[in-house]
Amino acid sequence: MPIASPVNSFVDFNEQNLDCRGNARDVALPVYETFDIKFQIYISDDEKKPKTELLYAAVCTEACSLLYENSIPVVSTCDRYVIQSTGGVALLSTDFPIIVLNSDHIPAGSYDQRAFFEALKDLDATVQALDYISCCPPTSVDLDIDISTAGGANYTLELGVYWGYGYVEFPVVEMAPYVGFNECFRYCILNAANEVQSCSNLFYSIIDPCYTTVFTYRNEENAYGFKYSYIDEAGDPHITENQIRLSVFFDKPTRPVEENIFRRSDKVQQRLSTLIEKEWLGHTSYLSDDQHDKFIVMLKHDTLHVYHENRNMDRNMTQEGEVEYIYPDINNPKTYPATFRIKDYNYSYVNNNCGFNCGIEINDECDNGTAPPCPDKYFIEFTVGDPGSPMANGDTVYSDAALSQAVAVEVYREGLLQHESGVNNITFVRGANPSQPGVITFTPEVITGERIAIWEL
């Protein structure tokens, strides 16, 4: 039975990639201690497999004979829908125009293909095409339309449901009883009779995980040939994902810094914000062209979890930028390594002096933790002599109880910042206690029409 894989899946049931001598180009991938892995498959277009037939995942030898099985189900995620006769004969484009003889859904009459689907729009079935794959099941599959085709065949139409995409979560099973060190094996798909239907690319057993990494990745939507769906297995609702161990290690960490520093009027530099990140240099082993294609697709998924025991990495990370390939000095190399940079946000630190949480770090884990409300920074602007202005022509003093405990203020006159010394200067004295106002003294005195702005730092 034709089992296929998304083109970017590391667990590959498609035809092998061969070189000009007929040798496999893809390298065997490492597996450590247990068989657990996650991958997707689909049934290729040239075969329709009814949903009533079950599929199972297993482990096979390098020669594709059964090695380990325990009724591990392939979970159906996205089904294939085919408009067909009740006997299973598919309705084809060459069958049009058709004549609808009897139907509770659409009027009798002659229909070309476009008119037929226009008529089906009012059905609850939300039929998309003559033959299509959808991860959203139709609300109804009961067409029950008697037709006569252009070729003279008469039958009743139904919406057949077949296997489309499937998902495997291989459990944690010890390899030791089945595969020895450095021995190769394949994952395989079985039918209900435990007959091997298809085998994957090669994997091999390792005893030291030090220079390998387990990547678990998924998207928020279908992408890169993968179908990501929400499934509920045995009361465990979750989104499908891919998981693979690769010969990848990390070294030479750097710590990129982004910072914003403000130069105040008194020439003092004040730090507004700082972001300190940590970035690793990743190294792949020798992979084939096709495996490098799969690798970069994996790195660019929405969610990428990295487990690398040697560096205590066990968290989501983000890869940015291009992958650098290291080609050997030979023509048409079969395999080659690569390097890439990846950001470790577990070691991302932020210093932000913009007043958030009043400088208080809130611990969400505290049941009774509270955050003090942030006081508004003092600010006022006015024109001297205007109605309601707090200062009149000739005044030299401005006072306000709201400035009682302010640490520092800045004052603008006609847009000119007042310096601490010189011909035009101001002095600010905070209140000796909360009951006394803060006082600003202007030199020289203010004049009618002068614009003043005061705010607390």
The residue that is farthest from E277 (Cα to Cα), considering only those in segment 317-346 that are in contact with a Lys or Arg (Cβ under 8 Å, 6 or more places away or on another chain) and assigned to a loop (DSSP other than H, G, I, E, B), is K334
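Yes or no: N182 of a type in the set (S, T, N, Q) and under 27 Å from K227 (Cα atoms)? Full working, then the answer.
Values: of a type in the set (S, T, N, Q): yes; under 27 Å from K227 (Cα atoms): no.
Taking the combined requirement at face value, the residue does not satisfy it.
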With criteria (1) part of a strand (DSSP E or B); (2) under 24 Å from N242 (Cα atoms); (3) of a type in the set (F, W, Y), Y155 comes up short on (2)
If we scan segment 200-221, do we find a residue that is out of contact with any helix residue (DSSP H, G or I) (no Cβ under 7 Å at 6 or more places or on another chain), farther than 26 Å from L287 by Cα, in a strand (DSSP E or B) and not aromatic (F, W, Y)? no
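Could you list, in sequence order, the residues of segment 425-457 that are part of a loop (DSSP other than H, G, I, E, B) and modelled with pLDDT of 85 or more?
Taking segment 425-457 first, the residues part of a loop (DSSP other than H, G, I, E, B) are 430-437, 444-450, 457.
Within segment 425-457, Q436, P437, P444, E445, V446, I447, T448, G449, E450 meet the criteria.
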Selection over segment 222-243 where residues are assigned to a strand (DSSP E or B) and either surrounded by fewer than 17 Cβ atoms within 10 Å (Cβ to Cβ) or touching a Phe, Trp or Tyr at 6+ places or on another chain (Cβ under 8 Å) (or both) yields a count of 11
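Report, by residue number, each residue of segment 257-282 that is free of Cβ contacts under 8 Å to residues at least 40 places away in the same chain and either more than 16 Å from I342 (Cα to Cα) or assigned by TED's automatic domain parsing to the domain that holds I426 (or both).
The first filter runs over segment 257-282 and keeps only residues free of Cβ contacts under 8 Å to residues at least 40 places away in the same chain, leaving 257-264, 267-269.
E258, E259, N260, I261, F262, R263, R264, K267, V268, Q269, listed by residue number.
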Matching residues in segment 167-220 (under 18 Å from N70 (Cβ atoms) and over 30 Å from the mean Cα position of the chain (by Cα)) number 15
A careful count of residues in segment 168-199 that are of a type in the set (V, I, T), in a strand (DSSP E or B) and more than 23 Å from A24 (Cβ to Cβ) gives 0
message: Taking the conditions exactly as written (modelled with pLDDT under 80 and either outside any strand (DSSP E or B) or out of contact with any Leu (no Cβ under 9 Å at 6 or more places or on another chain) (or both)), does G422 satisfy them or not?
response: yes
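Strands (runs of 3 or more DSSP E) wholly in segment 1-111 with at least 2 residues that are charged (D, E, K, R), in contact with a strand residue (DSSP E or B) (Cβ under 9 Å, 6 or more places away or on another chain) and at pLDDT 90 or above - which ones? Give the steps one after another, and end with the answer.
On the way: elements: 29-32, 37-43, 56-61, 66-73, 75-85, 98-103, 109-111.
Of the strands (runs of 3 or more DSSP E) lying wholly inside segment 1-111, those with at least 2 residues that are charged (D, E, K, R), in contact with a strand residue (DSSP E or B) (Cβ under 9 Å, 6 or more places away or on another chain) and at pLDDT 90 or above span 75-85.
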Over segment 203-221, the set of residues of a type in the set (S, T, Y) and under 22 Å from Y178 (Cα atoms) is Y204, S205, T212
Here the residues within segment 102-129 that are surrounded by 14 or more Cβ atoms within 10 Å (Cβ to Cβ), of a type outside the set (S, T, N, Q) and out of contact with any helix residue (DSSP H, G or I) (no Cβ under 7 Å at 6 or more places or on another chain) are H105, A115, F116, F117, A119, L120, L123, A125
Of the listed residues (K334, K267, K278), the one being touching a Phe, Trp or Tyr at 6+ places or on another chain (Cβ under 8 Å) and of a type in the set (K, R) is K278
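The values are calculated or read from the model by the stated rules, or taken from the named source; none is laboratory data. From a predicted model like this one, the values you see are computed outputs, not experimental measurements. Please note: Cβ atoms are built from the backbone with ideal geometry, for glycine as well, and neighbour counts cover all protein chains shown.
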